[in-house]
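Since the structure comes first, as structure tokens, the remarks are kept for the end.
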Amino acid sequence: MFSSLMPQRREFFELLAAHSERVVAGANATLRLINGLGGEGENVSALVAEVNLNEKEADKIKTQVIERLHQSFTTPINRDQIHALTTDLDKTLNALQDVANALDMYSIKQSTVEAREMASLGADACMRLNRAVAALGNKSRREETLSLCKEIEEIESRADTIQHKAITELFQEGANVWQTMKMREFYSLQEAVLDCCQDAAKMIEEILIENS
Amino acid sequence: MEGLTLSIWTLALLIAVALAFDFMNGFHDGANSISTIVATGALTPKQAVLFAAFFNFAALWIFQLKVAATIGKGTVDPHFVDHYVIFGALVGALAWNIITWYYGIPSSSSHALVGGLVGATVAKSGSGAPIIWEGFGKILAFIIISPLVGVIIGGLLMVLVAWIFRNKSPYQAGKWFKGAQLFAAGAYSLAHGGNDAQKTIGIIWLLLITAGAATKDQASLPMWVVYGCYFAIAWGTYLGGWRIVKTMGTKITKLNAISGSCASMGGAITLALATFGGIPVSTTHTITGAIIGVGAATDVKAVRWAITANLLVAWVLTIPAAGLIAAIFWYIGTKFL
């Protein structure tokens, strides 16, 4: 009865949506980076710079969210959950940045089928995450948002399977020890992106359940 | 008048029971106003009960005796009342309070008292004729109205505070409310004393009228009755308040300094309005209404609606149940007193 008279502070939804758009941009740049590896078309350092730029911009949004939390008497959803969600989005972009920067660090010049598959799953999950966050403030889109979260969790488990398979293959072939070591590390960095997406999806589900 | 045959001992006994009823009221409800100021650490429990008891008593100088008048001469025709009726009313109300306390129903001792008075009077006269519907009807209507007004004022206060402090975090706003909640709790204790002590004043007044020791004229009411009743409720608050640190504040919805202040202030305003209007209302139900209003503004799901439903039961049942018990005790009283 009175809750509709309270200050609404919808800007939190807008900030979270902007944050998740940065995540999508980072994920797409990472995907292009890995897909184009070893090829002619893409400029590796420009794409890495693009991921880093998105991470920086996302950090600014996160700072803004936290500042706003300190300057708001009311929040449209639980203030701890807003903080947790923006932290999860931040971690996702950090994980993407780790993947992009690992290419240079481990001097990976060629991508693998599995790396490309995982990068595409990552981009897919981030895109759904963006849609879910954008719909968070809209109660009528609750079902849609929930199914997006479920899809993200499915994508994460598909990535798990691919990572498993890829690592098994690395060790069975028994070829280059260095190659095995760095690719194993690289796959787990890629998997970390999907884990972060999953954490964010779970947080969104929690928010939806609490506000149903 | 029958009352003239009343012995001084019976009179003293009934006054003592009435004061005990008043004392129990403070003992029970005193903590309503201070639970949040103790919980937030603004005052120690000992300071808080002294604070609440002081304001309970200070109500003496604020409010006119309009509520006492409604109970004493505006609910039932004093001509039909004798000491058996008063005995029935007091014991009926006390018995109902004990029953509801045992089962954890948030019943109102004020409604029990009114129910008891009407029940015993009707039992004696054998009809509804002595009921003064203007007064009794007002009391019945306000069983519903006072919690609703509490909900509205409590909720609107919370909305107002949220807009005033919209650019401050609850933590920053909370610092400001450390002082404000003392003000709100003081106001609530004042209003609580004003409305509740007067109910007992009304009963004793009625008793004195039937005994021929006072008339319907307020000037005939001895001042010791007024002081005694305010003292009894304040003393009850002092002794009972600190035992019960968590009451309404934690049962219906969680309160902090800010929402607690809004709830106390909402309850205080509603009670003060009722007291100025001479309407005896339930202080417990009024503060409960204010707490629900505040809860509905901040987070609807935080309101524990099951306990709210219990309240509804108490609303409907209290007057007839206390009335029935009072009628039984009126009959017993005529045999033994």
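The values are calculated or read from the model by the stated rules, or taken from the named source; none is laboratory data. Since the model is a prediction, treat every value here as computed from it, not as a measurement. Because the Cβ atoms are built from the backbone with ideal geometry, glycine has one as well, and the counts that use them run over all protein chains shown. Calculation scope for accessible area: heavy atoms of the full protein, side chains included, ligands and nucleic acids excluded. Shrake-Rupley method; radii C 1.70, N 1.55, O 1.52, S 1.80 Å.
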Q: Taking the residues in region A:69-83 that are open to solvent by 30 Å² or more (accessible area, probe 1.4 Å) and either more than 10 Å from chain B (Cβ to nearest Cβ) or in contact with a helix residue (DSSP H, G or I) (Cβ under 7 Å, 6 or more places away or on another chain) (or both) as candidates, determine which candidate is modelled with the highest pLDDT.
A: A:His83
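Which one is farthest from the other protein chains (Cβ to nearest Cβ), of the residues in region B:299-318 that are at pLDDT 75 or above and open to solvent by less than 20 Å² (accessible area, probe 1.4 Å)?
B:Thr318
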Q | Test set (1) part of a helix (DSSP H, G or I); (2) aliphatic (A, V, I, L, M); (3) modelled with pLDDT under 90; (4) open to solvent by 50 Å² or more (accessible area, probe 1.4 Å) - B:Ala129 fails condition number | A | (1)
Q. Scanning for something in contact (Cβ under 8 Å) with a residue 60 or more places away in the chain, under 26 Å from B:Gln218 (Cα atoms) and part of a loop (DSSP other than H, G, I, E, B), does region B:98-112 turn up at least one residue?
A. no
Q: Could you list all residues from region B:173-196 that are more than 11 Å from B:Ala42 (Cα to Cα) and charged (D, E, K, R)?
A: B:Asp196
(Q) Against the condition out of contact with any strand residue (DSSP E or B) (no Cβ under 8 Å at 6 or more places or on another chain) and within 14 Å of chain A (Cβ to nearest Cβ), how does B:Gly174 come out, does it pass? (A) yes
(Q) Among the residues that make up region B:154-171, is at least one of them surrounded by 24 or more Cβ atoms within 10 Å (Cβ to Cβ), within 23 Å of B:Ala59 (Cα to Cα), within 26 Å of the chain's Cα centre (by Cα) and more than 11 Å from chain A (Cβ to nearest Cβ)? (A) no
(Q) For a quick check of your reading of the model, give me the residue pairs whose first member lies in region A:61-78 and is closer than 13 Å to A:Glu11 by Cα and in a loop (DSSP other than H, G, I, E, B), whose second is hydroxyl-bearing (Ser, Thr, Tyr) and at pLDDT below 95, with beta-carbon atoms closer than 6 Å and at least 6 apart or on different chains. (A) none
Q: Tally the residues that are assigned to a helix (DSSP H, G or I) and exposed (fewer than 15 other Cβ atoms within 10 Å of the Cβ), restricting the search to region A:162-178.
A: 9
Q) Is at least one residue of region B:225-236 more than 26 Å from B:Ala48 (Cα to Cα) and in contact with a Cys (Cβ under 8 Å, 6 or more places away or on another chain)? A) no
Q: Just one of (1) in contact (Cβ under 8 Å) with a residue 24 or more places away in the chain; (2) more than 19 Å from the chain's Cα centre (by Cα) trips up B:Tyr188, so point out which.
A: (2)
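Conditions tested, residue by residue: (1) over 19 Å from A:Ala18 (Cα atoms); (2) in contact with a Gly (Cβ under 7 Å, 6 or more places away or on another chain); (3) at pLDDT below 95.
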{"residue": "A:Ile108", "(1), (2), (3)": "yes, no, yes"}
{"residue": "A:Thr112", "(1), (2), (3)": "yes, no, yes"}
{"residue": "A:Ala125", "(1), (2), (3)": "no, no, no"}
{"residue": "A:Asn130", "(1), (2), (3)": "no, no, no"}
{"residue": "A:Cys149", "(1), (2), (3)": "no, no, no"}
{"residue": "A:Glu153", "(1), (2), (3)": "yes, no, no"}
Q. In region B:60-76, which residues are buried (at least 24 other Cβ atoms within 10 Å of the Cβ) and assigned to a helix (DSSP H, G or I)?
A. B:Val67, B:Ala68, B:Thr70, B:Ile71, B:Gly72
Q: Name the one entry in A:Val23, A:Val65 that is within 14 Å of another protein chain (Cβ to nearest Cβ), modelled with pLDDT of 90 or more and either in contact with an Asp or Glu (Cβ under 9 Å, 6 or more places away or on another chain) or closer than 16 Å to A:Met203 by Cβ (or both).
A: A:Val65
